[in-house]
Amino acid sequence: MKIKKGISLIDQHDKNFLYGGKFGGNFIPETLKKPIDDLTKLFAKLRKDKKFLKERDYYFKNYVGAPTPFIKLENLTRHLGGAQIYAKVVSEANGGAHKIYNATVHCLIAKKAGKKYIVGDTGAGYAGKMLSMAAKKFGLKCKIFMGAKDIKRQRPNVEAMRKNGATIVPVTSGSQTLVDAVSECMRYWVSNCEHVHNCIGSTVGPNIFIKICAWSTAQISRELILQIKEEFGRIPKKMKLLNCVGGGSSAMGFWNEFMDTDAELVGIEAGGPKNSKLHAAPLTNGSKIGILHGAAQYVVQDKEGQIGSTESISAGLDYPGISPLHCFLKDAKRARYTSASDEEALKAYRLVSKLENISPSLEPSHAFSEAIRLAPKLKSSDVIIVNSCGDSLKDKDIIKKRLGSYVR
């Protein structure tokens, strides 16, 4: 299994929309075939439309706030020794996370499709918050499906969604987390697709949603590759790009422009509580291929092959599956995947927020944990870049409870 050079990763599928012949696809009910086909054709047209691209770039700059900062973490580097540590502070984007790119593009597509309603799913609340913001910006009515458990633990983002005028639908089935929110959102869309546009919040689901999300967040790496060249004069020979991985949207955006370089791509999954057998790390723990939300992927399963239970302190990573694109990258050996426990993520959050003027959410804190582990083992000529893709404000209640204090 190989990654083709010079071809966008999102287009490296066969006629059945499978990456590497086995990941992704469109495993959907017959009722969704036409709306999926229509959206696929529309997006294929829009991504080549100069007027649409100009409109996208305008809103990325003047609404999202591109480019987001690229900074050296001087204090953390000095504290750990070894590699030079940098951060792409995507949390400085409007709304506090990378989800704003996907939300903005989906709202622009909805307008082009003549839809007045948009629905979405959310776990950490960032996808929902950003979609509610973008919907308000572009005059669309918005409905967000969110697990009842996540509504309780991500209160700040829930409040933000309501302020933006979105209707929040609590999902009380299953684990009451992201996986169930995605399921309920897709069920709603099946019944209302003629009038409603669906925005899946990550690089999961039927192929077209994977494509739109990865294409949208690729803005992160378009900026980063220019910022790196400005900082170093070139792309460093020994460079690691670290990103947390749940559904996988921020990592795909962070890595997109570096596929044809020598940069090492490292994804960090949610290892769950230290003394628990539950986790949200299918790639790290050798999970088998299964079908989830319309796509084939490595997925946490029980002994009977049913979707298994997961656990993570991070709502945004608490998902039993993983983007088919990440499955493809893993099997092609283009990216390496590991995991960090809840406790390691909290420890990383505390150290980074203490030493630097950034306060990462619990999702990128998993990636910072790996940076903290790796840096002392490397040379000062090595470079580690972490995607600080979300702000910790949404996690303040969890952090206060677990650590006794909160730094922002």
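No value in this document is a laboratory result; all are computed from the given coordinates. Since this is a predicted model, take the numbers as computed values, not measurements. No Cβ is skipped: glycine too gets one built from the backbone with ideal geometry, and neighbour counts run over all protein chains shown.
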Based only on other Cβ atoms within 10 Å, what is the fewest-to-most ordering of His79, His197, His13? His79, His13, His197
Provide Ile36, Ile210 in ascending order of the number of other Cβ atoms located within 10 Å of each residue's Cβ, fewest first. Ile36, Ile210
Using θ = phi - 60° and the Karplus form 6.51 cos²θ - 1.76 cosθ + 1.60, what ³J(HN,Hα) does each residue of region 213-218 get, whole Hz, x for Gly and Pro? 5, 5, 5, 6, 6, 4
Candidates per trypsin sites (Lys or Arg not before Pro) in region 210-296, loop by DSSP, up to 13 other Cβ within 10 Å: Arg234, Lys237, Lys274, Lys277, Lys288
The set of residues whose placed amide H lies less than 5 Å from the amide H of Glu269, leaving out same-chain residues fewer than 5 positions away, is Val245, Thr338, Ser339, Ala340
For the chain, what is Rg from Cα atoms divided by 2.2 N^0.38 Å, rounded to two decimals? 0.90
Have a look at the DSSP beta bridges in the chain and tell me what percent are antiparallel, nearest 5. 30
For region 88-207, the Cα gyration tensor yields equivalent-ellipsoid semi-axes (√(5λ), largest first, whole Å) of 19, 18, 13
At most 14 other Cβ atoms within 10 Å and a DSSP loop assignment: could you name the trypsin sites (Lys or Arg not before Pro) in region 37-101 that fit? Lys48
Shape category assigned to region 1-65 from the gyration tensor of Cα positions, a/c cut at 1.5: oblate
Label-point separation in nm, Lys45 to Lys377, each point 7 Å along Cα→Cβ: 5.2
Between Ile7 and Ile225, what is the FRET efficiency for a Förster distance of 25 Å, r being their Cβ-Cβ separation, to the nearest 0.05? 0.90
Burial ordering of Thr310, Thr217, Thr167, fewest other beta-carbon atoms within 10 Å first: Thr167, Thr310, Thr217
Given 0.36 nm per residue, what is the gain on full extension from Lys401 to Asn16 after removing their alpha carbon distance, in nm? 133.9 nm
Checked region 220-357 with the C-alpha gyration tensor, a ≥ b ≥ c its square-rooted eigenvalues, rounded below a/c of 1.5, otherwise prolate if a/b is larger than b/c and oblate if not; verdict oblate
